[in-house]
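This report refers to the structure that appears directly beneath it.
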């Protein structure tokens, strides 16, 4: 078979193009095929392929796909492709994408089991911090800078080892 | 409290097994063991897939030391998995002390366990820490009591990654929340023989539970041994999850007993013949593959349960399921063996054990 394009060389590349419901076959020699390839194919990266696939399947993911965790550097797409999170912070960063996933996996998105006693302390600490911040605001409003400085120090002291959540 | 001063030799374990194979506890004719594991991670560290070599080493050190300080039991041994050879890791997998993933992992990782092998603590598995408790028979509630206590002791020493919304934060979102997987290992030969096992699976799946083979996720069923465990870990408390599994097990065990009764009623001779042939094979064969032995042991185990064979202890049979696995045979022989050599040694080992009776 001769090349359709130059009609000189032997056709060694056989392309099948599908447009709508019609199938079109093309038979080309290597040289002519390369010409077409450079026009057609800027070969997309695996991430691009994945993104376009995901866009077709689940548009809500495309919104998430740009998000990267500032702590561990994991992107949402990487998480979706291997199913593993990179750090505890990802649960906060990817929250929007995770909630429907968790709902599907567990039928729930709210933990009701064991609470570490330390987490109990953390909760207390959090509440205390909130209160101190309120007092600080009031002190600043009243221009009571001595009290404000004192409150600020206590806030620093408390939040120094506060747990992220 | 320190770990045991004398380093443990894995070969010292090769000729016995953990307490969970004793064949004691509730419904132990059908329920081999009850197991619970908790997944935990240390706050302010990345999960292991994003941790670099230095962070992994640091985590291994922290978790190992905290396990030591937590005074869990007085006889905990710690083994650094990076320092032992693959056969020894396989050996620990076969004993259910570590997971296959942990054995095949990379870098600094280890396991601590006591002499009874009831408690094991995996360091740097998929999560920073995986605590496991296994007990003989249908003893999930007791297993929960033990593991909850171990977890409380560790929690005093370690700050876990935890959120009030999502619970214990894990590397894989399928474990988040309680981080708990509770499972019961069942021996269901009659349901297999009568092809009723599928019905059991369907009923179990409707409750949100999953059925797996002997070594958990992705493993094949052999020896008619099945593990039933919870799939969901979020949205229900630990006791609620245990309750769901506990409610379904008695139904499965009575179904299995019914199937056994029906087999006896309908074809007693055939059943007895099958069981005695399996027993005979174990006593005389010169080569047995690992697949074949699981099948033979399963038949004989049912024979013992039905009172057809009454010269073998349940403990011996339960142990043979584990002691004849490739890692154990190689440890027992103290050298690497190819599959044909293993088949010869496996047959010889079983003959010896059954002659002792």
| Of the numbered conditions (1) at the interface with chain A (Cβ under 8 Å from one of its Cβ atoms); (2) not in a loop (DSSP other than H, G, I, E, B), residue B:165 satisfies every one except a single condition; which is it? | (2)
| request: Can you tell me which residue within the range B:125-159, out of those that are assigned to a loop (DSSP other than H, G, I, E, B) and more than 14 Å from every other protein chain (Cβ to nearest Cβ), is surrounded by the most Cβ atoms within 10 Å (Cβ to Cβ)? | output: B:139
| query | Among helices (runs of 4 or more DSSP H) lying entirely in the range B:4-123, which contain 1 or more residues that are touching a strand residue (DSSP E or B) at 6+ places or on another chain (Cβ under 6 Å) and buried (at least 21 other Cβ atoms within 10 Å of the Cβ)? | reply | B:53-69, B:100-104
| Filter the range A:58-90 for residues that are buried (at least 21 other Cβ atoms within 10 Å of the Cβ) and in contact with a helix residue (DSSP H, G or I) (Cβ under 9 Å, 6 or more places away or on another chain); which is farthest from the other protein chains (Cβ to nearest Cβ)? | A:76
| query | Of the residues B:274, B:257, B:301, which is surrounded by 13 or more Cβ atoms within 10 Å (Cβ to Cβ), closer than 20 Å to residue B:16 by Cα and in contact with a helix residue (DSSP H, G or I) (Cβ under 9 Å, 6 or more places away or on another chain)? | reply | B:301
| Looking at residue B:212, is it outside any helix (DSSP H, G or I) and under 26 Å from residue B:303 (Cα atoms)? | yes
| query | Do the conditions hold for residue A:128, that is, is it at pLDDT 85 or above and either more than 14 Å from chain B (Cβ to nearest Cβ) or closer than 27 Å to residue B:156 by Cα (or both)? | reply | no
| Which numbered condition residue A:120 fails, given (1) under 19 Å from the mean Cα position of the chain (by Cα); (2) modelled with pLDDT under 95 | (1)
| request: Please tell me if residue B:346 is over 18 Å from residue B:21 (Cα atoms) and in a loop (DSSP other than H, G, I, E, B). | output: no
| task | Kindly provide the set of residues from the range A:92-122 that are within 7 Å of chain B (Cβ to nearest Cβ), within 21 Å of residue B:155 (Cα to Cα) and assigned to a helix (DSSP H, G or I), ordered by number. | result | A:117, A:118, A:119
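The values are calculated or read from the model by the stated rules, or taken from the named source; none is laboratory data. Quick caveat: nothing in here was measured; it's all calculated off a predicted structure. With ideal geometry, Cβ positions are generated from the backbone for all residues, glycine too; neighbour counts draw on all protein chains shown.
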